[in-house]
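Colleague: Pasting in a structure now, in structure tokens, and then I'll have a few things to ask.
The values are calculated or read from the model by the stated rules, or taken from the named source; none is laboratory data. Fair warning: this is a prediction, and the values are worked out from it, not measured in the lab. A quick note on method: Cβ atoms are made from the backbone with ideal geometry, for glycine too, and the neighbour counts reach across all protein chains shown.
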């Protein structure tokens with residue numbers, strides 16, 4: 001009798017043990033994929049931000065005093081001047097966020113390409129973002145409404161760059177949700193930085 | 001005999017529970033690390049934004065109000081007087097020179113999240129030959145040190161990640 005009780009007890013405990021291990025294993029693999037997605041998104045954001053801020057911080061370098069640095073300024077489109085290759089010739093650089101319809105290959109409906117154009121070359125994709133928003137500020141901190149009028153371009157003292165990158169693949173999708181519907185949950189990472197429109201304003 | 005088996009089973013379960021607890025703690029810690037990495041990205045953006053603003057200011061109050069090149073070092077702000085010159089310089093927008101940041105502590109909520117970061121600024125003169133050393137006399141080089149840390153949500157545990165950044169600004173003048 002005691003052997004039977006032992007056997008039944010072992011089966012119950014063994015079954016419980018098996019369930020716990022399976023559950024833990026499932027949770028570990030789910031978390032692993034979420035964390036990997038988060039890490040990937042952070043790396044993508046930092047890479048894109050590294051490039052963008054590298055150029056934005058050089059805005060106005062090599063430009064003669066009194067010359068306007070920013071040629072055009074809109075919510076997600078900016079054109080500015082700086083001597084990109086330090087050869088004494090001023091270059092025109094444009095950063096613009098493309099349309100969502102240009103990223104139909106991405107499962108994330110909010111993804112849009114971020115383009116860079118140097119002088120008259122064709123647009124080059126330098127990243128994929130979900131938000132690329134530029135805010136233009138006067139020295140007093142007052143915002144200049146985009147698109148900035150030609151007369152106000154020289155008033156731009158600093159630019160606030162807000163950039164968000166999301167994982168193209170969803171982290172969580174409830175049953176019945178179709179790809180691209182916003183009920184899905186995506187890993188995302190945000191970057192917001194204020195940059196001077198031109199260095200060496202005052203010494 | 002049965003009681004021996006029961007005791008053994010209970011002991012095995014205690015061991016299993018301990019292992020599982022550690023396992024879930026590890027999973028949670030990994031999640032916290034990923035969250036902390038995002039916090040540090042936000043802290044970096046906040047610190048570089050402030051540094052950018054600081055670098056756009058005059059080297060000293062005296063160089064802000066004069067277009068002539070400054071050769072006399074003793075005209076610079078005294079080391080113990082680094083900071084805002086008067087009550088009108090009560091916010092970053094009203095600062096006019098690099099050392100106005102000295103002693104300032106500000107809090108800022110990061111966009112897109114409810115996380116609040118506090119930043120503390122210290123400005124000092126440094127020896128041009130040893131930028132890492134603050135000195136108690138005037139030089140033509142100043143260093144701003146920033147520390148940024150998250151204040152909300154409150155940090156759990158005893159370890160607070162603090163981002164420390166320093167930038168050196170030297171005085172120069174175009175004739």
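Colleague: Given the conditions (1) within 14 Å of another protein chain (Cβ to nearest Cβ); (2) out of contact with any helix residue (DSSP H, G or I) (no Cβ under 9 Å at 6 or more places or on another chain); (3) closer than 24 Å to residue A:160 by Cβ, report the number of the one that residue B:95 does not fulfil.
Modeller: Result: residue B:95 fails condition (2) only.
Colleague: Further question on the same structure: Among residues belonging to region B:111-163 that are within 27 Å of residue A:188 (Cα to Cα), within 14 Å of another protein chain (Cβ to nearest Cβ) and assigned to a loop (DSSP other than H, G, I, E, B), point out the one that is nearest to the chain's Cα centre (by Cα).
Modeller: B:115
Colleague: Quick test of your reading of the structure: residue B:121 fulfils all but one of (1) in contact with a helix residue (DSSP H, G or I) (Cβ under 8 Å, 6 or more places away or on another chain); (2) modelled with pLDDT under 95. Name the failing condition by number.
Modeller: (2)
Colleague: Considering only residues that are within 28 Å of residue A:46 (Cα to Cα), out of contact with any strand residue (DSSP E or B) (no Cβ under 7 Å at 6 or more places or on another chain) and more than 10 Å from chain A (Cβ to nearest Cβ), which ones fall in region B:26-75?
Modeller: Matches in region B:26-75: B:29, B:32, B:36.
Colleague: Residues to consider are B:22, B:4; find the one that is closer than 28 Å to residue B:153 by Cα, more than 25 Å from the chain's Cα centre (by Cα), more than 10 Å from every other protein chain (Cβ to nearest Cβ) and surrounded by fewer than 18 Cβ atoms within 10 Å (Cβ to Cβ). Please lay out each step first, then the result.
Modeller: Details: B:4 fails: closer than 28 Å to residue B:153 by Cα.
Being closer than 28 Å to residue B:153 by Cα, more than 25 Å from the chain's Cα centre (by Cα), more than 10 Å from every other protein chain (Cβ to nearest Cβ) and surrounded by fewer than 18 Cβ atoms within 10 Å (Cβ to Cβ) holds for just one of B:22, B:4, which is B:22.
Colleague: Are there strands (runs of 3 or more DSSP E) fully within region A:102-163 with at least 1 residues that are loosely packed, with under 15 Cβ neighbours inside 10 Å and either out of contact with any helix residue (DSSP H, G or I) (no Cβ under 7 Å at 6 or more places or on another chain) or modelled with pLDDT of 95 or more (or both)? List them.
Modeller: A:124-129
Colleague: Given the conditions (1) free of Cβ contacts under 8 Å to residues at least 12 places away in the same chain; (2) more than 28 Å from residue A:65 (Cβ to Cβ), which single one is not true for residue B:163?
Modeller: For residue B:163, the exception is condition (1).
Colleague: Those residues that are at the interface with chain B (Cβ under 10 Å from one of its Cβ atoms) and touching a strand residue (DSSP E or B) at 6+ places or on another chain (Cβ under 9 Å), I need them from region A:44-66; list them, please.
Modeller: A:45, A:46, A:49, A:53, A:56, A:57
Colleague: Being outside any loop (DSSP other than H, G, I, E, B) and closer than 18 Å to residue A:142 by Cβ is the filter here; which residues of region B:86-110 pass it? Lay out the reasoning, then the answer.
Modeller: Going through region B:86-110, the residues outside any loop (DSSP other than H, G, I, E, B) turn out to be B:92-94, B:97-101, B:105-109.
B:92, B:93, B:94 - these are the residues of region B:86-110 that are outside any loop (DSSP other than H, G, I, E, B) and closer than 18 Å to residue A:142 by Cβ.
Colleague: Taking residue B:65 as the residue in question, decide whether it is over 25 Å from residue B:162 (Cα atoms) and in contact with a helix residue (DSSP H, G or I) (Cβ under 7 Å, 6 or more places away or on another chain).
Modeller: no
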